[in-house]
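The values are calculated or read from the model by the stated rules, or taken from the named source; none is laboratory data. Computed from a predicted model, the values in this text were never measured in an experiment. So basically every Cβ, Gly included, is an ideal-geometry build from the backbone, and we count neighbours across all protein chains shown.
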Amino acid sequence: MATLLKRKRANGTIAYTAQIRIKHLGKMIHHESKTFDKRKAAQQWAKLREVELQLSSRQSCTEVFSDTRLNQLLQRYISEVDPVKPLGKTKKHALGRLQKYPLSEKNVHDLSTSDIIDFCKFRSISEKAGPHTINADLSYIRSVIALCKPAWNIPVSTAFLDEAKPILKQLNLIGSSSKRSRRLESGEFDCILEALKKHDMSKRSFIPLATIFKFSIYSLMRVGEICRIKWPDLDKRSRTIIIRERKDPNNKKDNDQEVALLGPAWDIVENLPVIDERIFPYNSRSISQIFSNYMTRLSVTNLRYHDLRREGISRLIEMGYSVEEVATVSGHKNLRTIWDVYTQIKSESLHDKWIRLNDK
């Protein structure tokens with residue numbers, strides 16, 4: 001940063017000029033110089049000024065960011081990161097929701113472990129949030145704080161979050177989500193299908209719920225994907241369809257996948273009328289909500305719409321499809337996920353496979 005120049009004065013004596021120049025992003029932001037008779041004096045002055053300027057710079061930085069609140073950083077993260085690497089709907093919604101809590105009004109430099117613990121207690125007791133949901137909230141906050149120093153030069157650490165984590169685990173305020181194993185039980189498929197058929201025949205209905213219910217199971221698609229697939233992406237020759245921007249934790253953009261429409265899934269699509277560019281031009285949230293209402297009416301407990309994806313995957317495994325083959329339909333990149341999260345084989349299905357194998 002300092003440069004020492006030796007020059008000869010008009011009277012013939014030697015002088016030493018110490019120059020200090022500071023650049024930022026290619027621009028000169030500070031320049032000063034001082035001339036001395038002795039080289040050592042010039043060097044000492046230059047070293048002293050460098051230390052003073054560094055301390056001044058740190059103090060200035062602290063003053064600039066001394067009033068930075070957490071909600072400002074959460075919004076900045078959305079504004080700057082989302083255009084570069086699109087955030088998932090869940091994360092983006094959570095970051096927006098987190099800005100409304102009193103915790104987000106605090107200065108990030110004043111945030112402490114106790115603040116985080118109190119926030120988690122409030123989420124658990126007052127809002128009945130589960131350990132997995134609260135853990136996700138902390139994960140989102142941490143991803144923002146971790147970006148402060150390297151990306152925005154804001155001197156704040158994630159230490160207060162890291163220190164809170166073991167305590168929150170002991171209090172069971174955070175944790176992993178419990179593995180779901182719900183599948184359709186004996187008789188439930190026919191019961192639900194008949195109820196949805198009656199709904200479809202009523203004058204109030206404009207969503208073919210019974211058809212979508214069956215398609216969800218046989219296609220292995222998420223309800224959001226079902227409501228996005230389009231006729232131009234359907235290949236009648238190969239009986240496949242392209243699902244645009246399919247969900248992927250590591251790639252939320254340009255993740256298009258061509259998948260096979262097996263058995264009844266293809267039959268359903270082949271017999272549908274073309275009324276829109278989308279094959280199922282309906283609101284996915286409406287489908288999930290109406291389905292949930294019908295489960296309550298039918299006294300079908302603990303069955304969520306997403307469980308139909310597990311039902312479909314498990315059925316293919318029981319039919320003898322390999323995990324690799326199932327993954328080409330379900331879209332899973334990690335084959336372990338199919339076994340750990342979605343596959344729930346019914347014990348009685350093993351008898352059918354024994355018969356099939358011994359008939360060959």
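Taking the stretch 167-259 as the region of interest, the helices (runs of 4 or more DSSP H) fully inside it that hold 1 or more residues being closer than 21 Å to residue 326 by Cα are 209-219, 223-226.
Identify the residue in the stretch 12-28 that is loosely packed, with under 10 Cβ neighbours inside 10 Å and either at negative phi or part of a strand (DSSP E or B) (or both) and, among all such residues, is modelled with the highest pLDDT. Taking the candidates together, the pick is 13.
Can you tell me how many residues within the stretch 125-166 are outside any helix (DSSP H, G or I) and within 20 Å of residue 68 (Cβ to Cβ)? Count: 6.
Residues in the stretch 282-297 that are assigned to a helix (DSSP H, G or I), aromatic (Phe, Trp, Tyr) and out of contact with any helix residue (DSSP H, G or I) (no Cβ under 6 Å at 6 or more places or on another chain): 291 alone.
Annotation: of all residues in the stretch 167-178 being exposed (fewer than 15 other Cβ atoms within 10 Å of the Cβ) and touching a helix residue (DSSP H, G or I) at 6+ places or on another chain (Cβ under 7 Å), the one that is modelled with the highest pLDDT is 172. Here residue 70 meets the list (1) surrounded by fewer than 16 Cβ atoms within 10 Å (Cβ to Cβ); (2) at pLDDT 85 or above almost entirely, failing just condition (1). For the stretch 301-343, a residue qualifies if it is in a loop (DSSP other than H, G, I, E, B) and buried (at least 17 other Cβ atoms within 10 Å of the Cβ), and the qualifying residues are 303, 305, 331, 332, 343.
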